[in-house]
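Report on one structure; see the data block that follows.
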Amino acid sequence: MSENDVIVETRDLVKIYGDGEEIRALDGVSLTVRRGEFVSIMGPSGSGKSTLLYVLGALARPTSGQVLVNDQDLAKVKNLDRFRNETMGFVFQLHNLIPTMTALENVEVPLHEQKMSGKERRGRARDVLELVGLGDRLPHLPNQLSGGQCQRVAVARSLVNQPSLVLADEPTGELDSENSKEIVDLMHDMNHRLGTTFLVVTHDPAVARRTDRILIMGDGRIVREDIIKDPYTEDLRILKESPLGQAVLEGREDLVLDGVALFHEGQPTEAARLLRELLQHV
Ligand SMILES: Nc1ncnc2c1ncn2[C@@H]1O[C@H](COP(=O)(O)OP(=O)(O)OP(=O)(O)O)[C@@H](O)[C@H]1O
Ligand SMILES: [Mg+2]
C-alpha cells in the first residue's frame, strides 16, 4: 500500500477521561483506513466509538498515541480549525442544524472560514443541496423539514467543503428504516462519485453490512474486523477487467451486450453510457 493510499492512521491511541476515577475510553487503538474506503464502526454502548471519531476529527486530544490524517500528525498541525475545515466533514445523530437558519444557510456555515464571495458560497451550498435531493427546500427552516430531510441537510453540510474524510456518528440513529436507507444510499453515492472516505458509527447491522469493512469495538479496543465483499461491486470489477468492459471504457463500436446494443448509428446508446459510468467508478 503506497503512502498516498492511506488517509487515516492511528498508532496505539489511548484516551483517558476524568481526574478522579479514570475511564479508559480508548485503550490502544491502531487503525489504518485507505482513501476511498467506507468503514463502519460498531460495538456496545460505552465501548469508545464516539471517542474514536472525536479524536480522529481533532475534536478531542488523545492522552497518548498518534493520529495521522492525510499524512499529517494532528498533534503537529498548526491551525487545527483550518485543517479540520479543509479536510473533514462531520455528521451527528442529532443533525445539529441551526434552527434559525434556512437549509441553504446551514449548508453555507462550513464555507464561512474560506475565502469566497457570498455568491460563490450560496452557489456551492445550493449545488450540494441539489445533489442530496433538496434543491426545492433551500429557504426552509429545520422545523419545516422532516427528520430525514434534516439529516440530508446535515450530510450536505458535511460535504460542502469537499472533504476527503467524513466522520459520521450514528447518522441514521433517529431515522426510520426507509429514511435510514436513503441517507446510507446518499453516502454511498458520494463515496462512489467523489471518492470521499467515510467512517460511520452505527448500531444498525443493515447499515454496516453495506460498508467495505466493519470494525467492532469493545472496552476501548478494536476487538474484531470484518471485511465485507460486496458481490455487486465485485461483479463490476470483473466486468471492468474483461475485454467487453475495456471495449466499453474505450468507446469501441459494434458491441452488443446480451442483445442490448451499445452503439447505434455510430453513437453510444444510453445503456452504453450508463455502463461506462458504472465501470468508471469501480
Ligand atoms: N467527556 C467525557 N468525560 C468522561 N467520560 C466520558 C466522556 N465521554 C465519554 N466518556 C466515557 O468514555 C467511554 C466511551 O464513551 P463513548 O461515548 O466513546 O462510547 P460509545 O461507544 O460512543 O457509546 P454509545 O454507543 O452509547 O454512543 C464511556 O465509558 C463514557 O462514559
Ligand atoms: Mg457514541
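The values are calculated or read from the model by the stated rules, or taken from the named source; none is laboratory data. Bear in mind the structure is a predicted one, so any value in this text is a computation, not a measurement. When we count neighbours, we look across all protein chains shown, and the Cβ atoms used for this are built from the backbone with ideal geometry, even at glycine.
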> Checking Asn96 against (1) more than 16 Å from ligand 2 (Cβ to nearest atom); (2) in contact (Cβ under 8 Å) with a residue 40 or more places away in the chain; (3) in the same structural domain as Ala168 (by TED's automatic domain parsing), which single condition isn't satisfied?
Replying inline: (1)
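Give, as residue ranges, the strands (runs of 3 or more DSSP E) completely inside segment 167-278 that count at least 3 residues that are touching a Phe, Trp or Tyr at 6+ places or on another chain (Cβ under 8 Å). Steps first, please.
On the way: elements: 197-201, 213-218, 221-227.
Because the criterion is at least 3 residues that are touching a Phe, Trp or Tyr at 6+ places or on another chain (Cβ under 8 Å), the strands (runs of 3 or more DSSP E) in segment 167-278 that meet it are 197-201.
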>> Looking for something away from ligand 2 (no atom under 16 Å from the Cβ), touching a His at 6+ places or on another chain (Cβ under 7 Å) and free of Cβ contacts under 8 Å to residues at least 40 places away in the same chain - is there at least one such residue anywhere in segment 5-12?
In response: no
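What number of residues in segment 38-74 are within 14 Å of Thr202 (Cα to Cα) and either assigned to a helix (DSSP H, G or I) or not aliphatic (A, V, I, L, M) (or both)?
Taking segment 38-74 first, the residues within 14 Å of Thr202 (Cα to Cα) are 38-53.
Narrowing further to those that are either assigned to a helix (DSSP H, G or I) or not aliphatic (A, V, I, L, M) (or both): 38, 40, 43-53.
Residues that pass the stated criteria total 13.
Could you please find all residues in segment 193-245 being on the phi > 0 side of the Ramachandran plot and either within 16 Å of ligand 2 (Cβ to nearest atom) or among the hydroxyl-bearing types (Ser, Thr, Tyr) (or both)? First the steps, then the outcome.
Initial filter on segment 193-245 (on the phi > 0 side of the Ramachandran plot): 195, 219-220.
Selection gives Asp219, Gly220.
Name the one entry in Ser158, Ser164, Ser117 that is within 28 Å of Val8 (Cβ to Cβ), of a type in the set (Ser, Thr, Tyr) and out of contact with any Lys or Arg (no Cβ under 9 Å at 6 or more places or on another chain).
Numbers: Ser164 fails: out of contact with any Lys or Arg (no Cβ under 9 Å at 6 or more places or on another chain); Ser117 fails: within 28 Å of Val8 (Cβ to Cβ).
Checking each option against the conditions leaves just Ser158.
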>> Can you report the number of residues in segment 17-54 which are within 13 Å of ligand 2 (Cβ to nearest atom), of a type in the set (Val, Ile, Thr) and closer than 20 Å to Val6 by Cα?
In response: 1
> For the subset of segment 20-41 comprising residues that are buried (at least 21 other Cβ atoms within 10 Å of the Cβ) and not β-branched (Val, Ile, Thr), which member is farthest from Lys229 (Cα to Cα)?
Replying inline: Ala25
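Given the criterion more than 17 Å from Thr197 (Cα to Cα), buried (at least 17 other Cβ atoms within 10 Å of the Cβ) and within 19 Å of the chain's Cα centre (by Cα), identify the matching residue among Lys49, Lys15. Give the derivation first.
Values: Lys15 fails: within 19 Å of the chain's Cα centre (by Cα).
Among Lys49, Lys15, only Lys49 is more than 17 Å from Thr197 (Cα to Cα), buried (at least 17 other Cβ atoms within 10 Å of the Cβ) and within 19 Å of the chain's Cα centre (by Cα).
Every residue in segment 139-190 that is on the phi > 0 side of the Ramachandran plot and within 16 Å of ligand 1 (Cβ to nearest atom), please. Lay out the reasoning, then the answer.
As a first pass, look at segment 139-190 and keep what is on the phi > 0 side of the Ramachandran plot: 162, 170.
Glu170 - this is the single residue of segment 139-190 that is on the phi > 0 side of the Ramachandran plot and within 16 Å of ligand 1 (Cβ to nearest atom).
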>> Checking the structure you have, find out if any residue of segment 108-125 is within 30 Å of His203 (Cα to Cα), out of contact with any helix residue (DSSP H, G or I) (no Cβ under 7 Å at 6 or more places or on another chain) and either within 16 Å of ligand 1 (Cβ to nearest atom) or part of a helix (DSSP H, G or I) (or both).
In response: no
